[in-house]
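Note sheet for the following structure.
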Amino acid sequence: MPELPEVETVRRGLAPVMEGRRILAAVARRPDLRWPLPERFAERLTGRTLRRLDRRAKYLVADIGPDSSGSDEVLVMHLGMSGSFRIEPDGGVPDIPGDFVMPRSRLAAHDHVVLRMEGGHEVVYNDPRRFGAMLLVPRNGLEAHPLFRDIGPEPLGADFDAAHLARAFAGRRVPLKAALLDQKVVAGLGNIYVCEALHRAGLSPERGAFTLTTPTGGPTALIVHLVETIRQVLEEAIAAGGSTLRDHAQVDGTLGYFQHTFRVYGREGGDCSTPGCRGTIARLVQSGRSTFYCAACQS
């Protein structure tokens, strides 16, 4: 499933052709994705102006402004496991530049939602597995919506700091990796980038989360370093265009390439890249997910 850097990459790719543009026509080619599409979905989108495209955790949140009746809603979108957007010139040939690492779905049978935007582009949502989602949520009810009400701070935002993480970790004996994957602790972190951040920070994914706090529950130097490392890993991934696993692609069709610089993820049996370390990357299973780490330099 695409993680925060991939979703942010998609947001940045879509923004130039969507922000400030009116949705001239919307087409829903099936009644559902992961969940049923909202009632009169296409009709409610048509004619709305997309004022701003934001991201919250792994969700895209489009401010589409009020409709003619004054109903003020936002369009919430999730890519699921195989969802992707592409931008096509209206009635023309898709512009898909870049070198492909692996092919993505281009089958029209999987083009489920099409938005014809003012300015001459179509934004097409393609999702072979249909694990993605699109919802219309009242603006004043967004933070209280079940998808958002328990989500923690953004890892690249000002609210995510050592003090916050120490409060979240205090007294918790769960493994450090599990604590970081808890969306109530921090928004949008997933398996890939938690593995990468823990390796760079030199922290074992199996150590108890509480061990990064002081006896009174305050932040230690280790937790300060972890926060800095998480930010660094995510910023590098976003700059690189997101990673590509299975079907995920950048919005223009090019695939992310940050996976080529993974230090541990997917590198079981490989040499550790930490300077001076002679360890080997190992894999263990935690809560049903593969964890990649180096036992020699992560403690």
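Just so it is clear, none of the values below were taken in a lab; they were calculated from the coordinates. On a predicted model such as this, the values are computed, not experimentally measured, just so you know. Counting neighbours? That spans all protein chains shown, and the Cβs are built from the backbone with ideal geometry, glycine included.
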Legend entry - Per-residue ³J(HN,Hα) for segment 285-291, Karplus 6.51 cos²θ - 1.76 cosθ + 1.60, θ = phi - 60°, Hz, x for Gly and Pro: 9, 10, 6, x, 10, 6, 10
Inset, instruction - Taking just the C-alpha trace of segment 162-294, give me its Rg and Dmax in Å. - result: 15.1, 50
Inset, instruction - Pop out the Kirkwood hydrodynamic radius of segment 4-141 from its pairwise C-alpha distances, inverse of mean 1/r, in Å to one decimal. - result: 15.2 Å
Legend entry - Folded to 0 to 90 degrees: helix 4-18 orientation relative to the chain principal axis, Cα: 20 degrees
Inset, instruction - State which stretch of the chain is the longest one without any exposed GluC sites (Glu not before Pro), exposure meaning a DSSP loop state and at most 12 other Cβ atoms within 10 Å. - result: 144-299
Inset, instruction - Name the long-range amide H neighbours of T220: under 5 Å, sequence gap of 5 or more, or other chain; modelled H, no Pro or chain starts. - result: T214
Inset, instruction - Report P(r) for the chain: all Cα-Cα distances, bin width 10 Å, range 0 to the bin holding the largest distance, values in whole percent. - result: 6, 26, 31, 22, 12, 3, 0
Inset, instruction - Compute the signed sum of charges (Lys and Arg +1, Asp and Glu -1) over the other residues within less than 12 Å, Cβ to Cβ, of N140. - result: -2
Legend entry - 13 Å beta-carbon shell around D150, net charge (K/R +1, D/E -1): +1
Inset, instruction - Could you tell me which trypsin sites (Lys or Arg not before Pro) in segment 188-250 are loop residues by DSSP with no more than 14 other beta carbons within 10 angstrom of their beta carbon? - result: R246
Inset, instruction - Provide the per-residue ³J(HN,Hα) series for segment 133-138, in order, calculated from phi with Karplus coefficients 6.51, -1.76, 1.60 and θ = phi - 60°, each as a whole number of Hz, with x at glycine and proline positions. - result: 8, 9, 10, 10, 10, x
